[in-house]
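Engineer: One structure coming up, written as structure tokens, with questions to follow.
The values are calculated or read from the model by the stated rules, or taken from the named source; none is laboratory data. Because the structure is a prediction, the values reported are computed rather than measured. Cβ placement follows ideal geometry from the backbone for every residue including glycine, while neighbour counts extend to all protein chains displayed. When the accessible area is computed, the model is the full protein with side chains, heavy atoms only, and any ligands, DNA or RNA have been set aside. Shrake-Rupley method; radii C 1.70, N 1.55, O 1.52, S 1.80 Å.
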Amino acid sequence: MGATRDRAFLDAVGDEDCKTILDAVRGEAKTIPELSEECDIPLSTAYRKVNRLQEAELVAEKNRLPEDCRPKNVYELSFDGAVVRMGEDGFAVEFAGESSKPTTLDGAAEPASSPVGSD
């Protein structure tokens, strides 16, 4: 996804609701109703913003299996951190902590980066 994901990340952190949702799921996976309440946004907005973040691969959907009821979808960050760099070719975002990233000889994940043009 590369540059598209970088652009989606920059757009998301520029959107107050998306930024609030990303912050809310940083420590613990949450359902959309939980995000709506915690982030003080309407439920319909929470669904829209989570869908946007999911399409950008910034949050991942998981199933929570409560003991006394049916499974619930929860959302969590799909990365541990991000660094934005600005260079001659535009912006680049380096994502850290993704399981699909190649590892170095010491086993640490290498952050991926790709330029985001200013077209």
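Engineer: Could you list, in sequence order, all residues of region 25-38 that are in a helix (DSSP H, G or I) and either β-branched (Val, Ile, Thr) or crowded, with 20+ Cβ neighbours inside 10 Å (or both)?
Structural biologist: Passing the criteria: Ile32, Leu35, Ser36.
Engineer: Given (1) on the phi < 0 side of the Ramachandran plot; (2) at pLDDT below 90; (3) open to solvent by 80 Å² or more (accessible area, probe 1.4 Å), identify the lone condition not met by Ala56.
Structural biologist: (3)
Engineer: Just to be sure before I move on: is Ser78 at pLDDT 85 or above, exposed (fewer than 13 other Cβ atoms within 10 Å of the Cβ) and of a type in the set (S, T, N, Q) in the structure I sent?
Structural biologist: Values: at pLDDT 85 or above: yes; exposed (fewer than 13 other Cβ atoms within 10 Å of the Cβ): no; of a type in the set (S, T, N, Q): yes.
Here the answer is no, as Ser78 does not meet what is asked.
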